[in-house]
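Just below is one structure, and these are the notes that go with it.
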Amino acid sequence: MPELPEMETYKSLLTQSVVGMPVHSVEIRRERTINVEPDQFTEHVIGRQITQIRRRAKHIVFHLNAPYVLVVHLMLGGWMYFGSADDVPKHESQVILSFAGGRKLFFQGLRLGYLHLLTYPQLEEKFRGLGPEPLADDFTEAMFEKVLRRKRGVLKTALVDQHCIAGIGNCYSDEICYEAGVLPLRRVQDVPSTTISALYRAMHAVLERAISFGGYMEFPFCQGDELTGGYNDHCLVYDRGNEPCLRCGHLVIQTSHQKRKVFYCPHCQH
């Protein structure tokens with residue numbers, strides 16, 4: 001599932017590609033992907049200019065010059081592609097937004113994901129329960145420790161809880177714990193404040209590094225896109241089960257917790 005770095009990459013690329021452009025047409029190929037009747041969706045989107053792209057947690061918000069926004073959550077297996085009908089990857093698209101010059105924004109793989117049309121009050125209500133943004137300037141180390149200490153489970157579960165901290169998922173929770181040298185399955189209440197401090201620094205380091213490499217997405221955003229997915233070659237433990245740890249050479253362990261994959265080095269993490 002795309003996480004904060006992947007959605008930051010989309011935010012940057014979408015801002016370059018579609019901000020300031022009016023939507024010429026809409027094609028809805030799967031009605032369950034949207035939240036209103038197709039006629040209502042197209043009525044409020046066609047002819048509207050995209051004025052801003054914003055990210056919140058794992059969502060991308062398309063602001064329109066109207067009292068509506070479009071909110072996309074890619075969930076498992078979803079992605080976006082900007083281009084033409086000639087160069088789009090040969091996968092099923094659930095929704096297509098068309099712009100001038102034959103350029104289109106394809107929403108693909110949204111079997112579990114969605115593209116919803118919301119009013120601003122609906123958007124505010126939707127995001128009400130989300131936790132703080134991990135890279136926000138006002139999200140201090142003290143606040144980080146405070147939100148973690150509210151949890152009674154293990155670090156992995158706390159870090160991926162969107163009500164606790166917004167935007168971190170399976171991949172980066174493991175990468176953050178590895179960077180901090182702590183086991184992801186250690187109980188939050190047993191973690192000393194010095195380790196919480198290390199986790200806070202690791203969270204910034206890992207997420208900022210992942211953003212700089214374009215996250216770990218599999219599919220490019222457009223032709224010539226050399227940014228998206230660059231972090232695939234930089235994961236230190238995630239998806240490297242039974243491979244040598246890049247620090248110490250011990251084998252990386254792959255296990256599971258509450259149906260989530262967990263990766264860690266038993267020698268480097270304590």
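The values are calculated or read from the model by the stated rules, or taken from the named source; none is laboratory data. Since we're looking at a predicted model, the values are computed, not measured. Here the Cβ is made from the backbone with ideal geometry for all residues, glycine too, and neighbour counts use every protein chain on show. When the accessible area is computed, the model is the full protein with side chains, heavy atoms only, and any ligands, DNA or RNA have been set aside. Shrake-Rupley method; radii C 1.70, N 1.55, O 1.52, S 1.80 Å.
Looking at Arg32, is it among the basic types (Lys, Arg) and part of a helix (DSSP H, G or I)? Spelling it out, Arg32 is indeed among the basic types (Lys, Arg) and part of a helix (DSSP H, G or I). On the stretch given as region 183-201, residues that are assigned to a helix (DSSP H, G or I) and either open to solvent by less than 10 Å² (accessible area, probe 1.4 Å) or touching a strand residue (DSSP E or B) at 6+ places or on another chain (Cβ under 7 Å) (or both) total 3. Count of region 222-247 residues, restricted to those that are on the phi > 0 side of the Ramachandran plot and open to solvent by 50 Å² or more (accessible area, probe 1.4 Å), is 3.
Among the residues making up region 208-233, those that are within 26 Å of Asp137 (Cα to Cα) and either over 16 Å from the mean Cα position of the chain (by Cα) or not in a loop (DSSP other than H, G, I, E, B) (or both) are Glu208, Arg209, Ala210, Ile211, Ser212, Gly230, Tyr231. For the criterion of being within 22 Å of Lys126 (Cβ to Cβ) and open to solvent by 20 Å² or more (accessible area, probe 1.4 Å), Glu27 fails.
When region 134-146 is filtered for residues that are open to solvent by 10 Å² or more (accessible area, probe 1.4 Å) and farther than 21 Å from Tyr178 by Cβ, the ones remaining, listed by number, are Ala136, Asp137, Asp138, Thr140, Ala142, Met143, Lys146. Taking the criterion of being open to solvent by less than 10 Å² (accessible area, probe 1.4 Å) and either among the polar types (S, T, N, Q) or assigned to a loop (DSSP other than H, G, I, E, B) (or both), the residues of region 158-177 that qualify are Cys164, Ile165, Ala166, Gly167, Ile168, Gly169, Ser173. Scanning region 72-87 for residues that are open to solvent by less than 10 Å² (accessible area, probe 1.4 Å) and closer than 11 Å to Lys58 by Cα gives Val72, Leu74.
Going through Thr15, Thr9 one at a time, which residue ends up being open to solvent by 30 Å² or more (accessible area, probe 1.4 Å), on the phi < 0 side of the Ramachandran plot and within 18 Å of the chain's Cα centre (by Cα)? Among Thr15, Thr9, only Thr15 is open to solvent by 30 Å² or more (accessible area, probe 1.4 Å), on the phi < 0 side of the Ramachandran plot and within 18 Å of the chain's Cα centre (by Cα).
Exactly one residue out of His257, His250, His204, His267 is closer than 27 Å to Glu8 by Cα and either open to solvent by 80 Å² or more (accessible area, probe 1.4 Å) or under 22 Å from the mean Cα position of the chain (by Cα) (or both), and it is His204.
Residues in region 222-254 that are free of Cβ contacts under 8 Å to residues at least 40 places away in the same chain and among the β-branched types (Val, Ile, Thr): Val252, Ile253.
Only a single item in (1) in contact (Cβ under 8 Å) with a residue 40 or more places away in the chain; (2) over 25 Å from Phe82 (Cβ atoms); (3) touching a Ser or Thr at 6+ places or on another chain (Cβ under 9 Å) is not met by Ile196, and it is number (3).
Of all residues in region 32-61, those satisfying the criterion of being open to solvent by less than 30 Å² (accessible area, probe 1.4 Å) and in contact (Cβ under 8 Å) with a residue 40 or more places away in the chain are Thr33, Ile34, Phe41, Val45, Ile53, Ala57, Lys58, His59, Ile60, Val61. Right, Ala180: in contact with a Leu (Cβ under 8 Å, 6 or more places away or on another chain), open to solvent by less than 30 Å² (accessible area, probe 1.4 Å), more than 30 Å from Met80 (Cα to Cα) and not β-branched (Val, Ile, Thr) or not? Judged against the criteria, Ala180 is a match.
Under 7 Å between Cβ atoms, which residue pairs at least 6 apart in sequence (or on different chains) link something in region 64-75 that is at positive phi with a partner that is in a loop (DSSP other than H, G, I, E, B) and buried (at least 19 other Cβ atoms within 10 Å of the Cβ)? Close Cβ pairs satisfying both conditions: Met75/Gly113.
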